[in-house]
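The values are calculated or read from the model by the stated rules, or taken from the named source; none is laboratory data. These figures come from a predicted structure and were not determined experimentally. Here the Cβ is made from the backbone with ideal geometry for all residues, glycine too, and neighbour counts use every protein chain on show. What goes into the accessible areas is simple: the full protein's heavy atoms, side chains included, and nothing from ligands, DNA or RNA. Shrake-Rupley method; radii C 1.70, N 1.55, O 1.52, S 1.80 Å.
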Amino acid sequence: MSCLQTIADYGLRSIGIGERLLPRSDFTLCQQVTLIGSGMIWNVYFGVVALCAGFFLATLLALGRTARPAILRKPAEWFVFLFRGSPLFIQFFFAYFAFLALKGRYAFFDPFTSAWAGALLVLFCNTAAYSGEIFYGALRSIPRGDLEAAEAYGLTGWKKFRRITFPTMLRLAWPAYINEAIFLFHATTLVFLSGFPAWQQRGDALYYAKYFADKTFNPFVPYPILAGFFILLTLCVIGIMGAMNRRLNRHLPQERRQALRLRPNFLR
Amino acid sequence: MFACTDPASLTGLHWLACYLTTGKHVAFYASFGTVLALLAITAPLALAFGFGGAIAARSRIAPLAWFGRFYIAIVRGVPDIAFFLFFVIALDQGIEWLRHKVKCPDWDMPVRQGSDFVVCAQAKLPLGTDPQWMHEIYGFALAVLTFAIVFGAFSANVLYGAMRAVPRAQMETAEAYGMTRRQAFRRILVPQMWVYALPGLSNLWMVLIKATPLLFLLGVEDIVYWARELGGSKTPNFTDYPHPDWRVWYFLALLVFYLIFTKVSEAVLDRLMRRLTHGQAVSGATMP
């Protein structure tokens, strides 16, 4: 079987298009690369959706934490504490079994026992908590002079937030936020290793890499392939978010622009 | 004391007290010890690996420096879970392969036969004849080594940065006093770098705590294993304490355990940071 045929059969296997049965023996390199690459669809889906949706909740959380009334501040603090203080792996397990228990009583929770919604919800809350903490730190380090200048120009309330506070917060938070995004994408590999079942063997990249490693008992082929895909993904994330960083900093004089550190640091 | 002789007749709190002290539950509580033991062994080991990696990355010998930089860089581009799954098999096979080469030099079949990894019986580790506890210890040791390699890379990154954060003038002064490179490293750089490394290392400690449930993936009977095992619904045929699916409660207990653990760690590390930066001209309070 030629490699093109394999790609046609298994290229979209992880979302249920193409050959139904996974290869069982005599695995070729092409099959491994194709299936693991196909699994990356899930990683990208989880990462992109959780990151985009989590961005808004993170902003709200950061604002909530700076709010004066305790009724706004406390829930935000507790949310961040809950999701940053416990391991994602345990969160997945807990959420899965909680949804499983709720499903029996309310039909509404039906989709949440499958990975596409349930795991996504956990990842969304998780990344919102971590980025909320980053944004909170950035909010607190906005130069006081900037805000005073805004007030001197007569900007108040929503207008001040939209034109001064929010862009400055993003600019200051962005390098750490890129870091968070990278490790969120890495965290998506946990989904199918925790309770969430891979329905009809539609799993993510690590699911297929593990499948091959278990079948061939040879970890030296599938895991480096997975590593290659993730390095590519990491570079894409850095590229896209780096471009956003340049846009956020475009009004600053050349020498004050922060050179983006291209060395992600595990800060979760 | 409670009498747990006839569980079927017990009710309420009495039943719960008996239920929570069965042999399997005691094993569950003991597995919290496994997690703490893993942390206690892994943290210093990972720090040692990290120190080695940072020194290698700073080395003036090019291949060693490349190796150090590669070690630091690779773990950050690839999910740590992939490393965990990889190293556990790779280390196992690597060790068995080495023993195979030494113990059975006149073995003529290839080690990899299709989907099988075959070494001679004497090279197996642990030996097929060894008792069960040897297998468990070996599995745990592999897990510790895997954690140390992965977290060593993270801490190498932190220590490498901390070594570069020590003011250049300090090293220049050391050179002016006639210290050799090695002396300056030992007497000036290493004692001063810790305060720069501490924020990163305390973050790493938190990450390490939150990575301990991954022991489950490495095949160790840890708290996640027992929570799944004990929480699943039990029918009266197999146990004296039948109950429906309680896994959600068991994982809630684990969640609370980790929340308390990270909270306490955070408080301790904060105090340590304040103590270390006392009187020092670094802005320790504003670190992540």
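Could you tell me whether region B:235-257 includes any residue that is of a type in the set (K, R), open to solvent by less than 70 Å² (accessible area, probe 1.4 Å), modelled with pLDDT under 85 and closer than 30 Å to B:S9 by Cβ? Looking through region B:235-257, none of the residues is of a type in the set (K, R), open to solvent by less than 70 Å² (accessible area, probe 1.4 Å), modelled with pLDDT under 85 and closer than 30 Å to B:S9 by Cβ.
Residue count for region B:165-177 under the criterion of being open to solvent by 40 Å² or more (accessible area, probe 1.4 Å) and either in contact with a Phe, Trp or Tyr (Cβ under 9 Å, 6 or more places away or on another chain) or in contact (Cβ under 8 Å) with a residue 60 or more places away in the chain (or both): the result is 1. Restricting region A:197-238 to residues that are within 16 Å of the chain's Cα centre (by Cα) and without any contact (Cβ under 8 Å) to a residue 12 or more places away in the chain, the residue that is nearest to the other protein chains (Cβ to nearest Cβ) is A:I231.
Within region B:47-76, residues that are at pLDDT below 90 have Cβ atoms under 6 Å from residues that are surrounded by fewer than 18 Cβ atoms within 10 Å (Cβ to Cβ) in these pairs: B:S59/B:A65, counting only partners at least 6 apart in sequence or on another chain. Here B:Y71 clears all of (1) touching a Phe, Trp or Tyr at 6+ places or on another chain (Cβ under 6 Å); (2) more than 10 Å from every other protein chain (Cβ to nearest Cβ); (3) within 21 Å of A:P219 (Cβ to Cβ) except the condition numbered (1). Among the residues of region B:125-138, are any of a type in the set (D, E, K, R), without any contact (Cβ under 8 Å) to a residue 24 or more places away in the chain and surrounded by fewer than 17 Cβ atoms within 10 Å (Cβ to Cβ)? Yes, there is a match, as at least one residue in region B:125-138 is of a type in the set (D, E, K, R), without any contact (Cβ under 8 Å) to a residue 24 or more places away in the chain and surrounded by fewer than 17 Cβ atoms within 10 Å (Cβ to Cβ). When the residues of region A:80-111 are filtered to those that are surrounded by 18 or more Cβ atoms within 10 Å (Cβ to Cβ) and among the aromatic types (F, W, Y), the one that is farthest from B:E266 (Cα to Cα) is A:F99. Whether a residue is open to solvent by 20 Å² or more (accessible area, probe 1.4 Å), out of contact with any Pro (no Cβ under 8 Å at 6 or more places or on another chain) and part of a helix (DSSP H, G or I) was assessed, and B:I81 does not pass this test. Looking across region B:222-234 at every residue that is part of a helix (DSSP H, G or I) and open to solvent by less than 60 Å² (accessible area, probe 1.4 Å), the one that is farthest from B:E136 (Cα to Cα) is identified as B:G231. Which residues, counting only those in region B:250-261, are in contact with a Phe, Trp or Tyr (Cβ under 9 Å, 6 or more places away or on another chain) and of a type in the set (S, T, Y)? Of everything in region B:250-261, just one residue is in contact with a Phe, Trp or Tyr (Cβ under 9 Å, 6 or more places away or on another chain) and of a type in the set (S, T, Y), namely B:Y250.
Residue by residue, here is whether (1) open to solvent by 30 Å² or more (accessible area, probe 1.4 Å); (2) more than 30 Å from A:Q31 (Cα to Cα); (3) in a loop (DSSP other than H, G, I, E, B) holds:
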| site | (1), (2), (3) |
| --- | --- |
| A:A138 | no, yes, no |
| A:K159 | yes, yes, no |
| A:F185 | no, no, no |
| A:K215 | yes, no, no |
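Please tell me if B:G161 is open to solvent by 10 Å² or more (accessible area, probe 1.4 Å), in contact with a Gly (Cβ under 9 Å, 6 or more places away or on another chain), within 20 Å of B:S59 (Cβ to Cβ) and modelled with pLDDT under 90. Here the answer is yes, as B:G161 does meet what is asked.
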